[in-house]
Amino acid sequence: VTDFFQQVVAGLASGGIYASLALALVLIYRTTRVVNFAQGEMAMFTTFIAWALMDRGLGFWPAFALTLALAFVGGVAIERVVIRPVEGAPVLTVVIVTIGLALLLNGLAAAIWGSEVKSFRSAFSTRAIDVGGVAVSVQDLGVIAVSLVLVVVLWLFFRFTKLGLALRAAAVNPDESRLVGVRVGWMLALGWGLAALLGAVAGMLVAPTVFLEPNMMRAILLYAFAAAVLGGMDSPVGAVVGGLAFGVIQNLVETYVEEIGATLRLPVALALLLLVLLVRPQGLFGRAAVSRV
Amino acid sequence: MTARTRLALQLTGFVVAVAALALLPRYVSDFRAFELHKVGLFFVAVLGLNVVTGYTGQISLGHGAFMAIGGYTTAILMTKAHLQDVWTIPLAGLVAGVAGLAFGLPALRLSGLYLALATFGIAISTPSVIRRAEGLTGGTTGLNLFGIPEQTGLGIEVEVLGRTLTFNDWLYYLTWGIAIVLFALAWALLASRHGRAFRATRDSEVAAASSGVSLAATKTLAFGVSAFYAGVAGSLLAIGTAFVDPNTYPIALSITLIVGAAVGGLGSLVGPAFGAAFIVYMPILAERFGNEAGGGLPAWGERIVKSPAVVYAVVLIVLMLVLPAGAGGLLGRAAPLLRRRSVDTV
């Protein structure tokens, strides 16, 4: 039983990372109706920036803060420069642009910093502490705590600030928001900026365990997609619950279903996901789309 | 322009294109013929993807998996059942097509994004499933089609237009011959009742259903047909490279196909040819650009412009910004200029 709880906590820790990235995806999807295939590479790129800053002698937290600021500006810039021009284009065109963006950031990171694996300093120690008989690493607890704080702050921002309200309004009804004086264009850019910031946090949290290299976010982005879809693409709560659930399920499947083995771990997790989708095509927390003809 | 003159124009274009394709190997090197064989097989795959994505509006990010099914069917039939490579092609298409039908069924419940991600999941799972089914697929080592020349084009001598073919020429004619037949079939299918049902489903599912289109049957058919095309393309790839392993059909292949479909233009039958050319030639051009560019830049700047990945990505993004509807969309935009004041629609 102790082992079980240990696996659950470890699952929650990786789930927290999926949840942050899934939240970033949902944020962009809700504001601009774009599935951002570049989200993982954006996170990777910003993590490299944090690494470069620390390499120049900055401490962890100053580098962390500076990276978040840069990520935000970068996200806004990306929306302005490449997403804005394809705003009215078919969905697939926008998807391809974000795929191009992912390839670009990946290529840039490899060209600037090289593709050899780098170690990334963690904010937390890997020491294990005892919580009610269950050995839990401080790193895992820290990751869970940071993800939770992030979610709460984001929720407070959307729920209680004027800017948050404007962002939600712009996402739900751009035309009427414009009429009441919301600068919709900038709201969309702001959504991208926030998503980039979330991605940066996820990247810096996960980098100590998966190590820093241009392809580090590939699998993680996929899990984040799975989490977002599981929760429902338009539901932030769903993204968080989906992320945590996916992390835990994945860890438990890996530990307890011996015959599956490491090679089929991913397909099994995806099959589970597909099963959920077949029962609830709009995800666990998503609203079914209603369209007018 | 009346429907009849348009049909005549289209047929003339088709005949000219076929003639050009038949003569081309005389004027290009053996190596180029092999490249063009790859363009041909990607043309088939993107054409198939276009049926389901461009005409029926169902985004699939998993067509690489259907190519893998086709390729492995060919490899297994050649190594285990000792079939001639050519005869495995229709079988490969059928096996992939059945897989597509089987996948089309659950896909009915998913729409838009969810379908895209579900298909992406399939693309991602395929390599590990192939690795796992070692007895059939040879696992990580793959299946080798070298050393059985009597079952391939190497074992026979073919003459086309008075010229004995090299192996690469043979591959070229095989691929483009199939491509032309499949192109004509796609044309006929899309002009038929089913094609109209496809487009109606794409434009509005509710409107299509209320006009009597069975959404379930339509989407499943589109998936099946499109998987058949992908299977044939995968089979041709296996025959051309004479070897299959899990990396022959990587996850990136599915992405490559959808990029090809978007660059070529959705809902266009000629567009996929541009898409296929982009898939084959763009990486080569990016590499060449990298070898020549970069003079007078600081070291890091030079590393960036010399990176083929960066060049490829920049070209792709700019292309999508400039031509959001792809090359086919550009043709579509030019078409009204040729047309004199007419009110006819597609």
Practice problem: Identify the residue in the range B:303-325 that is among the β-branched types (Val, Ile, Thr) and more than 7 Å from chain A (Cβ to nearest Cβ) and, among all such residues, is least open to solvent (accessible area, probe 1.4 Å). | Solution: B:Val311
Practice problem: Kindly list the number of the only condition in (1) part of a helix (DSSP H, G or I); (2) farther than 27 Å from A:Pro174 by Cα; (3) free of Cβ contacts under 8 Å to residues at least 40 places away in the same chain that fails for A:Leu68. | Solution: (3)
Practice problem: Please find, among B:Gly70, B:Gly104, the residue that is part of a helix (DSSP H, G or I) and at pLDDT 85 or above. | Solution: B:Gly70
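Among the listed residues A:Val131, A:Val180, A:Val153, identify the single one that is under 22 Å from A:Ala43 (Cα atoms) and open to solvent by 40 Å² or more (accessible area, probe 1.4 Å). Please lay out each step first, then the result.
Details: A:Val131 fails: under 22 Å from A:Ala43 (Cα atoms); A:Val180 fails: under 22 Å from A:Ala43 (Cα atoms).
Going through A:Val131, A:Val180, A:Val153 in turn, the sole match is A:Val153.
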Quiz prompt | Close pairs from the range B:99-117: first more than 10 Å from chain A (Cβ to nearest Cβ), partner open to solvent by 40 Å² or more (accessible area, probe 1.4 Å) and modelled with pLDDT of 75 or more, Cβ under 6 Å, at least 6 apart | solution = B:Ala99/B:Ile69
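If the requirement is being in contact with a helix residue (DSSP H, G or I) (Cβ under 8 Å, 6 or more places away or on another chain) and either at pLDDT 85 or above or farther than 30 Å from A:Arg218 by Cα (or both), which of these qualifies: B:Gly142, B:Gly121, B:Gly147, B:Gly195?
Values: B:Gly142 fails: either at pLDDT 85 or above or farther than 30 Å from A:Arg218 by Cα (or both); B:Gly121 fails: either at pLDDT 85 or above or farther than 30 Å from A:Arg218 by Cα (or both); B:Gly147 fails: in contact with a helix residue (DSSP H, G or I) (Cβ under 8 Å, 6 or more places away or on another chain).
It is B:Gly195.
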Quiz item: Which condition does B:Thr175 not pass, out of (1) in a helix (DSSP H, G or I); (2) within 13 Å of chain A (Cβ to nearest Cβ); (3) not hydrophobic (A, V, I, L, M, F, W, C), if it passes all the others?
Solution: (2)
Quiz item: Among the residues of the range A:5-21, which ones are open to solvent by 40 Å² or more (accessible area, probe 1.4 Å) and within 16 Å of the chain's Cα centre (by Cα)?
Solution: A:Leu12
Quiz item: In the range B:281-303, is there at least one residue being under 14 Å from the mean Cα position of the chain (by Cα) and in a helix (DSSP H, G or I)?
Solution: no
Quiz item: What are the residue pairs meeting all of these: first residue in the range B:307-331, first residue under 23 Å from B:Glu287 (Cα atoms) and of a type in the set (S, T, N, Q), second residue part of a helix (DSSP H, G or I) and modelled with pLDDT of 80 or more, Cβ atoms under 7 Å, and 6 or more apart or on different chains?
Solution: B:Ser307/A:Gly107; B:Ser307/A:Ala110; B:Ser307/A:Ala111
Self-check item: Scan of the range B:72-92 for residues that are open to solvent by 30 Å² or more (accessible area, probe 1.4 Å) and either within 18 Å of the chain's Cα centre (by Cα) or facing chain A (nearest Cβ under 10 Å) (or both), ordered by number
Solution: B:Pro90, B:Leu91
Practice problem: Please determine, by comparing only the residues of the range A:68-115 that are more than 7 Å from every other protein chain (Cβ to nearest Cβ) and polar (S, T, N, Q), which one is most open to solvent (accessible area, probe 1.4 Å). | Solution: A:Ser115
Practice problem: Return the only residue of B:Val51, B:Val95, B:Val46 being open to solvent by 40 Å² or more (accessible area, probe 1.4 Å) and of a type in the set (Val, Ile, Thr). | Solution: B:Val95
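Provide a single number: the residues in the range B:190-201 that are open to solvent by less than 40 Å² (accessible area, probe 1.4 Å), in a helix (DSSP H, G or I) and out of contact with any Ser or Thr (no Cβ under 8 Å at 6 or more places or on another chain). Step through it out loud before you land on a result.
Applying the first criterion (open to solvent by less than 40 Å² (accessible area, probe 1.4 Å)) to the range B:190-201 yields B:190, B:192, B:195, B:197-198, B:200-201.
Right, trim to in a helix (DSSP H, G or I) and you get B:190, B:195, B:197-198, B:200-201.
With the extra rule that they be out of contact with any Ser or Thr (no Cβ under 8 Å at 6 or more places or on another chain), the set shrinks to B:190, B:195.
Residues in the range B:190-201 being open to solvent by less than 40 Å² (accessible area, probe 1.4 Å), in a helix (DSSP H, G or I) and out of contact with any Ser or Thr (no Cβ under 8 Å at 6 or more places or on another chain): 2 in total.
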Quiz prompt | Which listed residue, of B:Ala233, B:Ala261, is open to solvent by less than 50 Å² (accessible area, probe 1.4 Å), modelled with pLDDT of 90 or more and within 14 Å of chain A (Cβ to nearest Cβ) | solution = B:Ala261
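Look through A:Ala24, A:Ala65 and report the one residue that is modelled with pLDDT of 85 or more and either open to solvent by 20 Å² or more (accessible area, probe 1.4 Å) or of a type outside the set (A, V, I, L, M) (or both).
Numbers: A:Ala24 fails: either open to solvent by 20 Å² or more (accessible area, probe 1.4 Å) or of a type outside the set (A, V, I, L, M) (or both).
After applying the criteria, what remains is A:Ala65.
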Quiz item: For the range A:163-273, list the helices (runs of 4 or more DSSP H) that sit wholly inside it and hold at least 3 residues that are more than 27 Å from A:Val149 (Cβ to Cβ); which are they?
Solution: A:174-179, A:236-256
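On the basis of being closer than 23 Å to A:Ile99 by Cα and either within 14 Å of another protein chain (Cβ to nearest Cβ) or open to solvent by 10 Å² or more (accessible area, probe 1.4 Å) (or both), does A:Leu197 make the cut? Spell out the reasoning first.
Working: closer than 23 Å to A:Ile99 by Cα: yes; either within 14 Å of another protein chain (Cβ to nearest Cβ) or open to solvent by 10 Å² or more (accessible area, probe 1.4 Å) (or both): yes.
So A:Leu197 fits the description; yes.
The values are calculated or read from the model by the stated rules, or taken from the named source; none is laboratory data. This structure is a prediction, so every number in the text was calculated from the model and none was measured. Neighbour counts are summed over all protein chains in view; Cβ atoms, including those assigned to glycine, are modelled from backbone coordinates with ideal geometry. The accessibility values were calculated without ligands, DNA or RNA, using every heavy atom of the protein model including side chains. Shrake-Rupley method; radii C 1.70, N 1.55, O 1.52, S 1.80 Å.
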